[in-house]
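Taking it in order: structure first as structure tokens, then the write-up.
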Amino acid sequence: MEQIRIGKTNVVTTKLGLGTNKVGGHNLFDHLVDDDGIKVVQAALDSGITLLDTAFVYGLGQSEKLIGQVLRDYDRSKITIATKAAHDPQNNLQLNNHPAFLTQAVDEALQRLQTDYLDIFYIHFPDETTPKAEAVGALQKLKEAGKIRAIGISNFNLDQVKEANIDGYVDVVEDAYSLVERQAETTLFPYLAANDISFVPYFPLASGLLTGKYTATQEFTAADWQFNRPNFQNPRYQQILAAVDQVKPIAGKYEATVSQILLAWYLHNPAVTAVIPGARVATQVLSNAKSASLHLTTTEYQLIDQLFKF
Ligand SMILES: NC(=O)c1ccc[n+]([C@@H]2O[C@H](COP(=O)([O-])OP(=O)(O)OC[C@H]3O[C@@H](n4cnc5c(N)ncnc54)[C@H](OP(=O)(O)O)[C@@H]3O)[C@@H](O)[C@H]2O)c1
């Protein structure tokens, strides 16, 4: 699998990673089964994926614990663990970027993951009070102490990224980006490229909408998570499904699924350092892993790029 480097660090990992918010993320999603989550992580590692993206808030430590459990059977040195914190469990999950909080959050994540270093640690969300450079300065100390290998920030807008990176310590930014959520192309991308900062998008499959499994006549009730999401409201929903439909001939050519083709599009995209599709069950991971061996032509890459510009 294609390998990438995070920022200017020596963290090298696969460009295709695994998102694990459905591994133990019971507080965020209904009907999750821990054993399925364990199998999701195992399927990723067994497929050659080495980048695992987790966070404290996925199950309030449960995702990290399940990953730690799985890692006992694998060679830790070959795996890239990225985790995040900012939600303060002592204060109603309010956001906290205070240096003391981040330092303790890293120590607690290490325990749950049963490891003595994190390859990437992200401040999950900015808080409203801590100066950004002070928060990142705390991570720089943890990096110098060998507890983390790369410094990440997530959900920071461009001005916040600039403020956080005033001393040049930021290695990687994680933010929402997909074929249907493209603001980062004009906001973050130029600054990140100019400063050698990696970019890891979340929601690459638009939470499943880009997999080809939704239909134009599907209706959502108030009990469904899709009910209030902008991408699931007409006419936008129909526009997205029409674009997904036009990916099907390319998928046919490669005997692939729409998700595999669209994941291959991110893997081809030079602004995307690593892509971390989430999965609920192992079969999804096994399917998504096949995207790593698909190579789109430049014409196909550009066609897909244009299909989703609306
Ligand atoms: N930094 C942040 O603030 C932040 C925020 C959100 C997410 N993240 C990270 O980014 C990762 C990716 O985001 P995401 O998982 O929310 O969204 P996503 O990758 O856009 O969508 C993943 C979802 O699509 C469905 N799916 C995946 N592969 C499929 C396949 N082959 N066939 C059919 N359905 C498939 C699964 O949901 P169903 O089966 O339930 O439909 C899966 O959970 C997360 O796991 C997490 O690690 C970070």
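The values are calculated or read from the model by the stated rules, or taken from the named source; none is laboratory data. Since the structure is predicted, the reported quantities are computational estimates derived from the model, not experimental observations. All Cβ positions, even for glycine, are placed from backbone atoms using ideal geometry, and neighbour counts span all protein chains on display.
Things to note:
- THR83 out of contact with any Asp or Glu (no Cβ under 8 Å at 6 or more places or on another chain) and under 22 Å from VAL173 (Cα atoms): no
- When THR221 is tested against (1) among the β-branched types (Val, Ile, Thr); (2) closer than 30 Å to ASP34 by Cβ; (3) within 16 Å of the ligand (Cβ to nearest atom), only condition (3) is not met.
- In the stretch 38-69, of all residues being in contact (Cβ under 8 Å) with a residue 60 or more places away in the chain and under 16 Å from the mean Cα position of the chain (by Cα), the one that is surrounded by the most Cβ atoms within 10 Å (Cβ to Cβ) corresponds to ALA44.
- Among the conditions (1) surrounded by 19 or more Cβ atoms within 10 Å (Cβ to Cβ); (2) within 19 Å of the chain's Cα centre (by Cα); (3) more than 17 Å from TYR301 (Cβ to Cβ), the only one that PHE232 does not satisfy is (2).
- Answer residue from the stretch 255-265, given it is outside any loop (DSSP other than H, G, I, E, B) and touching a residue at least 40 places away in the same chain (Cβ under 8 Å) and is farthest from the ligand (Cβ to nearest atom) among those: TRP265
Rundown of residues vs (1) within 15 Å of the ligand (Cβ to nearest atom); (2) touching a Phe, Trp or Tyr at 6+ places or on another chain (Cβ under 9 Å); (3) modelled with pLDDT of 95 or more, yes/no style:
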| residue | (1), (2), (3) |
| --- | --- |
| ALA86 | yes, yes, yes |
| LEU95 | yes, yes, yes |
| PHE101 | no, no, yes |
| ARG112 | no, yes, yes |
| THR115 | no, no, yes |
| TYR122 | yes, no, yes |
| LYS141 | no, no, yes |
| ILE153 | yes, yes, yes |
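- Which numbered condition ASP30 misses (of (1) more than 20 Å from PRO201 (Cβ to Cβ); (2) modelled with pLDDT of 95 or more): (2)
- Checking every residue in the stretch 266-274 against the condition of being without any contact (Cβ under 8 Å) to a residue 60 or more places away in the chain, within 13 Å of the ligand (Cβ to nearest atom) and under 23 Å from GLY19 (Cβ atoms) gives zero matches.
- Some residue of the stretch 28-37 being more than 18 Å from the chain's Cα centre (by Cα), assigned to a helix (DSSP H, G or I) and surrounded by 15 or more Cβ atoms within 10 Å (Cβ to Cβ): yes
- Residue, farthest from the ligand (Cβ to nearest atom), within the stretch 170-216, restricted to residues that are of a type in the set (A, V, I, L, M) and part of a loop (DSSP other than H, G, I, E, B): ALA216
- With respect to (1) under 18 Å from ASN195 (Cα atoms); (2) within 16 Å of the ligand (Cβ to nearest atom), the lone exception for ILE166 is condition (2).
- All of (1) surrounded by 14 or more Cβ atoms within 10 Å (Cβ to Cβ); (2) under 16 Å from GLY61 (Cα atoms); (3) not hydroxyl-bearing (Ser, Thr, Tyr) hold for ASN97 with one exception: (2).
- Listed by first and then second residue, the pairs with beta-carbon distance under 7 Å, at least 6 apart or on different chains, first residue in the stretch 70-89 and in contact (Cβ under 8 Å) with a residue 24 or more places away in the chain and more than 22 Å from MET1 (Cα to Cα), second of a type in the set (Phe, Trp, Tyr) and part of a helix (DSSP H, G or I), form an empty list.
- Residue selected from the stretch 24-68 under the condition in contact with a helix residue (DSSP H, G or I) (Cβ under 7 Å, 6 or more places away or on another chain) and of a type in the set (S, T, N, Q), by the criterion nearest to ASP224 (Cα to Cα): THR54
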